[in-house]
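The values are calculated or read from the model by the stated rules, or taken from the named source; none is laboratory data. The model shown is predicted, which means the values in this text are computed figures rather than measured ones. Neighbour counts run over all protein chains shown; Cβ positions are idealised from the backbone, glycine included.
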Amino acid sequence: MMGRAKAAPVERGKPPDGPLLSTAARPLAVVIVAACAGTTALLGAWLGHGAHTDPVDTAVDARVLASLAGHLKLLEWLDWLGDLPAITGITAILVLACLLRRRYRGAVLLAVSVPAAAVITERLLKPLVGRTLRGFLSFPSGHATVTFALATAITVLLAGAPSIPRAVRMAAAVTAFGVAASVAATMIAVGLHYFTDAVAGAAVGIATVLATALLIDLAVQAWRRSATRRATPPRPPALPHQHVPVNGDS
């Protein structure tokens, strides 16, 4: 008796490892990467090579300082949260969670993009731009870079987890970016960065993660296409047409 067709069972051992970014989300990701790169480049060209500020920094920094003054314990905790040991530990835990869930693209995204964002800020942009505060290179903010990179990676991973309720995913993403913004504000409040340093750091972190996600998806897609072509047997050559004699032919 024919009933409803049953869904094909999932192959045992096959990892549930889909694309990091959906096809519909990729154009938006490209636009965001371009906008972040352009913002960082413009701010770096405008504010580089010196210990100077601008009216935006002056206005915003004063408000941030006034809002967070007197919250010493909170500032200390947020400062620690953006330090390299804390970011490294959180990233390692998330990588392990991705591996246990067999989300290998997610593990690669975390393991590559968060350190890459830090290297771009600390080793490339800070020496290149040369903006200083208290005698130290300040543009972009390293704390803002890594915390926004981690928040973006978490958001990308949550978008690819439909088993988690949408409301929970949204709340987690908003929380991650809220913590990142709080860490960036802390760096302003303690006088280690300007507002525009934090903006550039956030842009570098977001752009690095999205660009890495795009590259991972494209690389996996290209590899699978190549593997499919290799696995497909070549068509046998067509046999030449042979004349079959009939009665009366010689």
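Contact list please: Cβ distance under 8 Å, first residue in region 94-110 and in contact (Cβ under 8 Å) with a residue 60 or more places away in the chain, second residue buried (at least 18 other Cβ atoms within 10 Å of the Cβ) and part of a loop (DSSP other than H, G, I, E, B), pairs at least six apart or on different chains.
As it stands, the answer is ARG103/GLY160; ARG105/LEU20; GLY106/LEU20; GLY106/GLY160; LEU109/LEU20, since those pairs meet every condition given.
Can you list the helices (runs of 4 or more DSSP H) found entirely within region 13-127 that contain at least 3 residues being modelled with pLDDT of 95 or more and loosely packed, with under 15 Cβ neighbours inside 10 Å?
26-47, 84-100
Out of the residues in region 185-197 that are assigned to a helix (DSSP H, G or I) and among the small types (Gly, Ala, Ser), which is nearest to the chain's Cα centre (by Cα)?
In this case the residue turns out to be ALA185.
Considering every residue within region 198-217, establish whether at least one is of a type outside the set (Ser, Thr, Tyr), surrounded by fewer than 18 Cβ atoms within 10 Å (Cβ to Cβ) and not in a helix (DSSP H, G or I).
No, the conditions are met nowhere in region 198-217.
Would you mention how many residues in region 132-175 are in a helix (DSSP H, G or I) and over 21 Å from ALA211 (Cβ atoms)?
Counting residues in region 132-175 that are in a helix (DSSP H, G or I) and over 21 Å from ALA211 (Cβ atoms) gives 9.
Have a look at ALA184, ALA213, ALA180 and point out the one that is modelled with pLDDT of 95 or more and farther than 29 Å from THR58 by Cβ.
Answer to the check: ALA213.
Considering only residues that are in contact (Cβ under 8 Å) with a residue 60 or more places away in the chain and over 16 Å from the mean Cα position of the chain (by Cα), which ones fall in region 136-178?
PHE139, PRO140, SER141
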